[in-house]
Structure formats: structure tokens, C-alpha cells
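Asks: I'd like to ask you about the structure that follows.
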Amino acid sequence: SQQGEEDPQALSIQEGENATMNCSYKTSINNLQWYRQNSGRGLVHLILIRSNEREKHSGRLRVTLDTSKKSSSLLITASRAADTASYFCATDAIAAGNKLTFGGGTRVLVKP
Amino acid sequence: GAGVSQSPSNKVTEKGKDVELRCDPISGHTALYWYRQSLGQGLEFLIYFQGNSAPDKSGLPSDRFSAERTGGSVSTLTIQRTQQEDSAVYLCASSSKGWGVNYEQYFGPGTRLTVT
């Protein structure tokens with residue numbers, strides 16, 4: 001199975017609601033990153049959290065990291081229709097030869 | 001400045017033909033990566049170039065796949081004798097740092113390959 005696995009696989013919410021998705025991983029990491037992908041094309045980097053950090057914010061995004069549980073969460077507050085996309089976590093893990101390993105993604109649909 | 005560009009954006013080819021996919025990374029980025037993404041799936045690492053070091057080819061699925069990076073800039077991914085299972089979106093990314101701590105990757109728009 002993959003180093004990073006997102007949960008849920010799909011999420012449907014109303015505009016204005018918050019969206020939360022989780023990422024679990026198996027081995028120790030240097031950092032964990034979240035990316036967004038629109039329409040199955042290129043990914044856009046959202047936020048990077050280092051292994052010694054517990055929480056980071058960027059605009060309406062909040063990322064947490066719990067290394068004891070080997071999990072991370074991405075919260076999108078006050079969602080907008082434009083937030084409709086797939087969201088991927090990616091881990092930079094020593095055990096993976098420092099490759100950036102992507103999970104399967106969470107597909108988020110924000111209904112207007 | 002310009003981002004990562006890829007060409008072609010779409011490619012339809014017949015089974016058994018060879019294809020070449022091109023990636024132009026961000027100027028000055030020393031690291032370049034190729035990934036493959038099947039429909040509705042995550043990204044599968046294919047190959048990584050870092051400066052003048054030997055590329056990490058550990059993700060290439062078979063010997064039909066190869067890639068080169070000329071002059072430390074443009075990269076070409078070649079798939080020989082294409083098979084239907086090669087159909088996917090091929091994504092290229094570059095970064096200003098190599099493997100290690102604390103870097104982000106910038107992705108191109110991808111090439112959608114369809115093998116008929």
C-alpha cells in the first residue's frame with residue numbers, strides 16, 4: 001500500500017462549509033506536503049509541514065501533523081465552489097529514498 | 001516567470017508505436033521528476049534527475065520506458081512499443097532542490113497519452 005493514504009476518498013459539501021481530509025503514512029518523514037489538482041492536470045503545491053511542526057496555516061487552509069499517529073489533516077474553511085478539486089498528500093520519507101510519495105487523493109466537490 | 005511546460009498536451013497513438021513526451025522545467029531548477037497518473041489514481045513516480053548526478057530510474061515500470069535530460073534542462077520521456085496500459089497522464093515537475101528536507105515541486109500541466 002502507499003506511504004500516504006487519504007481519507008475520505010471523496011467528499012461533497014455545500015459552499016461555506018468546512019472540508020476536512022486526512023492523510024496517514026507508515027514510516028518516519030522529513031516533511032509532508034499537500035497539493036491540489038484541478039481537472040486531472042498539473043498539481044499545485046499548497047503547504048509543507050516539517051516533521052517538527054504540529055500546525056501550519058495558509059489563508060483558509062490549516063494543516064496539522066501528528067507524528068505519533070503518523071497522520072496529517074487538511075482543513076479548508078469557508079469552502080468555495082473554486083475549491084472543487086482533488087487533494088493529495090505527499091510524504092518525504094527517508095525510508096522511501098527521500099522520494100516524494102503521493103497518496104491516492106481526496107476528491108472534494110463544493111456545491112454552490 | 002514561466003512555469004513548467006509539457007508537450008504535447010494530448011497524444012493519441014496506436015499500440016506498438018513509440019512516443020516522446022517533452023518537459024521544460026523552470027529555469028534554474030536543478031531537479032526534474034516524471035510521474036504517471038492513471039485515471040482517478042494518485043501519482044506514480046517514474047524517474048528523477050538531479051543536476052549532473054545519475055538519474056534515479058527506480059520507478060520506470062519496464063525497459064520500454066526511458067528518459068533523458070539534455071544540458072540539465074529539457075527532458076524527454078520515451079515510451080517504446082506502447083501498450084494500452086501505458087494510457088495515462090504523464091506529469092513532469094521541477095524543484096530548486098533535490099531529494100532531502102523541505103522542498104516543493106512545481107508541476108507542468110501534463111501530457112494525456114491514449115494508446116488505442
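We did not get these values from a lab; they are worked out from the coordinates using the rules stated. Predicted, not measured: the structure shown is a model, and the values here were computed from it. Positions of Cβ are backbone-derived with ideal geometry, glycine not excepted, and every protein chain shown enters the neighbour counts.
Asks: Report the semi-axes of the equivalent ellipsoid for the protein assembly as shown in whole Å, largest first, where each axis is √(5λ) for an eigenvalue λ of the Cα gyration tensor.
Replies: The answer is 29, 21, 16 Å, longest axis first.
Asks: For a quick check: with amide H placed at 1.01 Å from N, whose amide H comes under 5 Å from B:Ile47's, ignoring anything fewer than 5 positions away on the same chain?
Replies: Under 5 Å from the amide H of B:Ile47: B:Trp34.
Asks: So which GluC sites (Glu not before Pro) in the stretch B:9-105 are both in a DSSP loop and have at most 11 other Cβ atoms within 10 Å of their Cβ?
Replies: Passing sites in the stretch B:9-105 are B:Glu14.
Asks: Could you give the size of the charge dipole of the protein assembly as shown about its Cα centre, using +1 on the Cβ of each K and R and -1 on the Cβ of each D and E, expressed in debye and rounded to the nearest 20?
Replies: Approximately 120 debye in magnitude.
Asks: I'd like the antiparallel share, as a percent to the nearest 5, of DSSP beta bridges with both residues in chain B.
Replies: Percentage antiparallel, nearest 5: 90.
Asks: Indicate the gyration tensor shape class of the stretch A:39-112 (rounded, prolate or oblate), computed on the Cα atoms with a ≥ b ≥ c the square roots of the eigenvalues: a/c under 1.5 is rounded; otherwise a/b larger than b/c is prolate and the rest oblate.
Replies: Oblate, because a/c is 1.5 or more while a/b does not exceed b/c.
Asks: List every residue whose amide H lies under 5 Å from the amide H of B:Ser87, counting only residues 5 or more places away in sequence or on a different chain, with H placed 1.01 Å from N in the peptide plane.
Replies: B:Val115
Asks: Obtain the nm distance between the two label points defined at B:Ser66 and B:Thr116 by a simple spin-label model: each point lies 7 Å from its Cα along the Cα-to-C-beta direction.
Replies: Distance between label points: 2.8 nm.
Asks: So, with +1 on the Cβ of K and R and -1 on the Cβ of D and E, and no other charges, what is the size of the charge dipole of the stretch A:20-106 about its Cα centre, to the nearest 20 debye?
Replies: Computed about the Cα centre, the dipole is about 40 debye.
Asks: Can you list which of the trypsin sites (Lys or Arg not before Pro) found in the stretch A:45-112 are DSSP loop residues with at most 12 other C-beta atoms within 10 Å?
Replies: Those satisfying the criteria are A:Arg54, A:Lys69, A:Arg80.
Asks: Starting from the stretch A:1-96, pick out the GluC sites (Glu not before Pro) whose DSSP state is loop and whose Cβ has at most 16 other Cβ atoms within 10 Å.
Replies: For GluC sites (Glu not before Pro) across the stretch A:1-96 that sit outside H, G, I, E and B with at most 16 neighbouring Cβ atoms in 10 Å, the list reads A:Glu15, A:Glu17, A:Glu53.
Asks: Which residue, chosen from A:Pro8, A:Asn18, A:Ile49, occupies the Cα position most advanced towards the positive end of the dipole of chain A, where the dipole is computed from +1 (Lys, Arg) and -1 (Asp, Glu) charges on Cβ about the Cα centre?
Replies: Value computed over the given set: A:Ile49.
Asks: Using only the Cα atoms, what convex hull volume per residue in Å³ does the stretch B:38-116 have?
Replies: In the stretch B:38-116, the Cα convex hull volume per residue is 111 Å³.
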